[in-house]
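A.B. asks: Before anything else, here's the structure in question.
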Amino acid sequence: MSEIRLYPDPILRQKSLPLEIIDSKAKEMIDDMARTMYLYKGIGLAASQIGILLRAIVVNSEYGLMQMINPEILESEGENAGEEGCLSLPDVEVNVTRGSKILIRGIDLDEKEMEFEASGLLARIFQHEIDHLEGKLIIDNLSKLKRDLIKSRLKKRGRMLNSDKTSCLV
Ligand code: NI
């Protein structure tokens, strides 16, 4: 299990690179992401959230666990607004407008290409995780004033919760 990086950790703002070599080390990392997501009761996690800037995501949906490398959105249709949270932003909820139906492509751990349509919550999770790979966060949909308030609140919270650790503090 890994520690989840919390905003405003600067790694969350960086763009992730394609994962070119899917060796046992890469697979181990993506399995670790799944375990970390389950531990924190998340429904999705991007590698950047455990401090690794490679394009890999895990999604826990009604269809079970999906582990996807180099995911891309090929098409997007319609719009759908809804509340979202993020494991890197504890206790923050933001209303985000997303594409309501998307076509996704990526590869799985066996290097097989995956391509499918998703709608509803599944489409929302994929768009959220792919945003992480670009360094985008749900709070980017808020005004700077609101973002700054959240930043100072989470900085304080981090200090209080992690008085014996320093890894997720700024
Ligand atoms: Ni997130």
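The values are calculated or read from the model by the stated rules, or taken from the named source; none is laboratory data. All values derive from a computational prediction rather than experimental measurement. Backbone-built Cβ (ideal geometry, glycine too); neighbour counts: all protein chains shown. Ligands, DNA and RNA are stripped out before the accessible areas are found, and what is left, the full protein with its side chains, is counted by its heavy atoms. Shrake-Rupley method; radii C 1.70, N 1.55, O 1.52, S 1.80 Å.
A.B. asks: Return the distance in nm (one decimal) between the two label points of a simple spin-label model at residue 114 and residue 53, each offset 7 Å from Cα along Cα→Cβ.
C.D. replies: Spacing of the two 7 Å Cα→Cβ label points: 2.5 nm.
A.B. asks: Compute the accessible area per residue over the chain, keeping the other protein chains in place, probe 1.4 Å, unit Å².
C.D. replies: Values: 9250 Å² over 170 residues.
Accessible area per residue: 54 Å².
A.B. asks: Still on this structure, I have one more. For the chain, with all protein chains present and a 1.4 Å probe, just round the carbon and sulfur fraction of the accessible area to a whole percent. Don't skip to the answer; put the middle values down first.
C.D. replies: Numbers: 4570 of 9250 Å².
Ligands and nucleic acids excluded, carbon and sulfur give 49 percent.
A.B. asks: Can I ask one more? At 4 °C and 1.567 mPa s, grab the translational diffusion coefficient of the chain from Stokes-Einstein with a Kirkwood Rh over Cα pairs, rounded to a whole number in µm² per second. Walk me through the numbers on the way to the answer.
C.D. replies: Values: Rh = 16.4 Å.
In µm²/s, the coefficient rounds to 79.
A.B. asks: Could you tell me which of the pairs 15/144; 101/155; 27/101; 41/156 are separated by over 31 angstrom between their Cα atoms in the structure shown? Present the calculation step by step, with values, prior to reporting the outcome.
C.D. replies: Values: 15/144 21 Å; 101/155 36 Å; 27/101 29 Å; 41/156 23 Å.
Where the Cα-Cα span goes over 31 Å, the pairs concerned are 101/155.
A.B. asks: For the chain, what does the relative contact order come out to in percent, with C-alpha contacts under 8 Å and a separation of six or more? It would help to have the intermediate numbers written out before the result.
C.D. replies: On the way: 309 pairs, mean separation 41.9, N = 170.
Reported relative contact order: 25 percent.
A.B. asks: Just to be sure I follow the definition: excluding the sites themselves, where is the longest run in the chain that has none of the trypsin sites (Lys or Arg not before Pro) in a DSSP loop with at most 16 other Cβ atoms within 10 Å?
C.D. replies: The answer is 42-111.
A.B. asks: With the cut-off at 1.5 for a/c, could you classify the stretch 103-152 from its C-alpha gyration tensor as rounded, prolate or oblate? If you can, show how the numbers build up before the last one.
C.D. replies: Working: a/c = 4.39, a/b = 2.44, b/c = 1.80.
Judged from the Cα gyration tensor, the stretch 103-152 comes out prolate (a/c at least 1.5, a/b above b/c).
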